[in-house]
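Read the structure below first, then the notes.
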Amino acid sequence: MKTNSTQIKELFKELDIKSTSPRLAIYQSLMKFKEHPSAEEIYLSIHKKHPSISVATVYKTLDLLVQTKLANKVVTAEDKVRYDARTDQHIHL
């Protein structure tokens, strides 16, 4: 999994995704989580360092990442939406 900014920018370019600071911050944050975070958890994890990124931007970016197969949307048994940067097949316990 590509984790540094240069690698992510290259990946975004390959997928024809505009590389912006908010998108990089959101994707990097998602990849750092060991569990499946919600959009709100991702927002909280980046807000201090990136206060100009809104919750709406987090949701829009996560939707883009799911559309481009860089992330998966996981709906829990409680109907909560969470996200996963691991797009390979793996078990959710």
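The values are calculated or read from the model by the stated rules, or taken from the named source; none is laboratory data. In this text the structure is predicted, and so the values were computed from the model without any measurement. When we count neighbours, we look across all protein chains shown, and the Cβ atoms used for this are built from the backbone with ideal geometry, even at glycine.
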Given (1) loosely packed, with under 13 Cβ neighbours inside 10 Å; (2) touching a residue at least 60 places away in the same chain (Cβ under 8 Å), where does A85 come up short, assuming only one miss?
(1)
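Could you list, in sequence order, all residues of region 48-82 that are assigned to a loop (DSSP other than H, G, I, E, B) and under 9 Å from the mean Cα position of the chain (by Cα)?
Filtering region 48-82 for residues assigned to a loop (DSSP other than H, G, I, E, B) gives 48-54, 68-71, 76-80.
Once the filter is applied, which keeps residues that are assigned to a loop (DSSP other than H, G, I, E, B) and under 9 Å from the mean Cα position of the chain (by Cα), region 48-82 yields L70, A71.
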How many residues are at pLDDT 95 or above and not in a helix (DSSP H, G or I) if we restrict to region 20-47?
3
